[in-house]
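See structure below.
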Amino acid sequence: GKRALQALRKSGILQDAAAIDINMGCPKHFSVQGGMGAALLANQRNAAEIVHTLASNLGDVPVSAKIRLLSGDGLQPTVEFMRVLERAGASAIAIHLRTAETPSERAANWTCIRT
């Protein structure tokens, strides 16, 4: 959490940023191996800490997150994770309708949100 805030401040982009979006959906090996991207789906405590640290320290700059569907029993694990992010301070959450294990060549799982 604090490293994310330090990186943003050092980059200087906060002067021009209207919002900060955290990509918690990237399944690429280099991201996951480094604890970034889709690795945050499995480490909800760290994901929530990052969102909370940024949301509580960036003033009026909204913090959002992009996630993927979580594996498990239907949509419930994903909904619970969204609630964790919301409580941490996320202003918006976008869901990539594939799990981290589902290749992008496969169609998104639209049926899971139609029920």
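The values are calculated or read from the model by the stated rules, or taken from the named source; none is laboratory data. Owing to the predicted nature of the structure, the values given are computational and were not obtained by experimental measurement. Here the Cβ is made from the backbone with ideal geometry for all residues, glycine too, and neighbour counts use every protein chain on show. In case anyone asks, the SASA skips ligands and DNA or RNA and just uses the protein heavy atoms, side chains included. Shrake-Rupley method; radii C 1.70, N 1.55, O 1.52, S 1.80 Å.
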Dipole in debye (nearest 20) - the chain, about Cα centre, beta carbon charges: Lys, Arg +1; Asp, Glu -1: 180 debye
Selection of trypsin sites (Lys or Arg not before Pro), segment 1-37, meeting DSSP coil and at most 13 other Cβ within 10 Å: Lys28
Of all accessible surface on the chain at a 1.4 Å probe, what whole percent is carbon and sulfur? 51 percent
Rh by Kirkwood over Cα pairs, then Stokes-Einstein D for the chain at 1.567 mPa s and 4 °C, µm²/s: 88 µm²/s
Here the gain from full extension of Phe30 to Lys2, 0.36 nm per residue of separation minus their alpha-carbon distance, amounts to 8.0 nm
So, for the chain, what is the accessible surface per residue at a probe of 1.4 Å, expressed in square angstrom? 63 Å²
Enumerate the calculated ³J(HN,Hα) couplings along segment 86-93 in order (Karplus 6.51 cos²θ - 1.76 cosθ + 1.60, θ = phi - 60°), each rounded to whole Hz, writing x wherever the residue is Gly or Pro. 4, 4, 6, x, 5, 7, 7, 9
